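Have a look at the structure below before the remarks.
Please treat every number below as a calculation from the coordinates, not as lab data. Since this is a predicted model, take the numbers as computed values, not measurements. Cβ sites come from the backbone with ideal geometry, for glycine too, and all protein chains shown count toward neighbours.
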Amino acid sequence: MPRPPDAILALRRQLAAAIDRALGPGAQHALSRAYGIPQPRMSELSRGVVDRCTVEWLIRRVDRMGGSVTLSIQLGDVGRAWHRERFERMRARRRQASNVATNVATTIATNLATNLNIPARRRHSKFGMTRPARGMVPRNMVPRETVPRETVPRNIGPHRPRSRSHSRPSVHDHRPEPLRGHLRRRLFNAQLSPGISVDDRSLFTDFWTNESKTTEKVLSRIPEGSDYKPDPKSRTAQEIAWQIVCEEKMLIDMLENGKAEWTPAPTPSSMKEVTDAYSQQSTDIIRRLGALPDDCWGGTLEFFGSQRPASPTAWSFLFDIVHHRGQISTYLRPMGSTVPQIYGPSGDEP
């Protein structure tokens, strides 16, 4: 029989002592049997041995002897204490996670600033406290030798609109470049060594060349004549592929002419025509990007009634094309095809 908890054991002993006092000396031989207590059990109770007695049995003996048992419970606000302890544990975990995230961010920012010579700047908030400009590396995360005073001009930042006469700055210009641009270079453009200068258009051209090769590989996996749709409202993979072709043509024409015009041609009848058109167009776009004047890339363009900066618009088109390519990649296996390697191994090409 397992040993009861100390509180239950103490209650048993208290009941046993009360019964022994009530019966008095010699109760083992005379009175105990009258109240349903065998002589061996009464001997144990008088010696405080209560392992074989339950609390219920002892209370019934007290009731049979004409007595009563009063239970006094002393218990605090357990629920509130439990919630308080749980809240403290959660706050400690969050504080620890915040410290780890801060250390990781500091290490990444310091390494990027050291390898790529990222300039930093601070600006004043309306409360008089200084804080980093949006998208910039905080000054306290950058080594002193990488932030000369002359590279922190006043009243210059990514929030100022660019005119057609200003070209997009390189990493050596005084204007700070957003941190995400450096992250793109470090994480996605592995062929560039740390510290190598590259302007935004060259970076975009490198991205475009690599992504167009991957897109062409994904389009080549679309089966001929497949009309698969995951939903009646969705488009077929061939229709999405043709939209990619038309978007890329619209982008290069827009950069050259300074005006966006969406005049897509009808979707070809076969998938081979789509892939052939994309292959020919990709080579031509890379050539036209290299021949694009600086004022076209760094200026603005008319985008359906509004003026937009050319370079960010080109990047947004690239990301939208990658998005549609991802849509097609989810169509391939249901259409009976395979998924190629995109940014790494796939289930079909490990």
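Some observations on this one:
- All lysines inside 22 Å of K249 as judged from Cα atoms, apart from same-chain residues fewer than 8 positions distant: K213, K217, K259, K272
- Listed peptides 307-318, 335-346 by packing density, highest first (mean Cβ within 10 Å): 307-318, 335-346
- Taking a ≥ b ≥ c as the square roots of the eigenvalues of the alpha-carbon gyration tensor, the stretch 203-255 is classed prolate because a/c is 1.5 or more and a/b outweighs b/c.
- Residue ranges 259-267, 207-215, 220-228 sort as 207-215, 220-228, 259-267 when ordered by packing (mean number of other C-beta atoms within 10 Å per residue, highest first).
- Sorting the segments 236-249, 84-97, 55-68 by their mean number of nearby beta carbons within 10 angstrom, highest to lowest, gives 236-249, 55-68, 84-97.
- Taking the charge dipole of the stretch 200-332 about its Cα centre, with +1 at Lys and Arg Cβ atoms and -1 at Asp and Glu Cβ atoms, the residue from S234, G298, S282 reaching farthest to the positive side is S234.
- Cα gyration tensor shape of the stretch 6-64, rounded if a/c is under 1.5, else prolate or oblate by comparing a/b with b/c: prolate
- Given charges at Cβ of Lys, Arg, Asp, Glu: the stretch 6-64 dipole, positive-most of P38, A10, T54: P38
- Distance between the 7 Å Cα→Cβ label points at R13 and T110: 6.0 nm.
- Here the extension length gained between S234 and E56 equals 57.0 nm, from 0.36 nm per residue of separation less the Cα-Cα distance.
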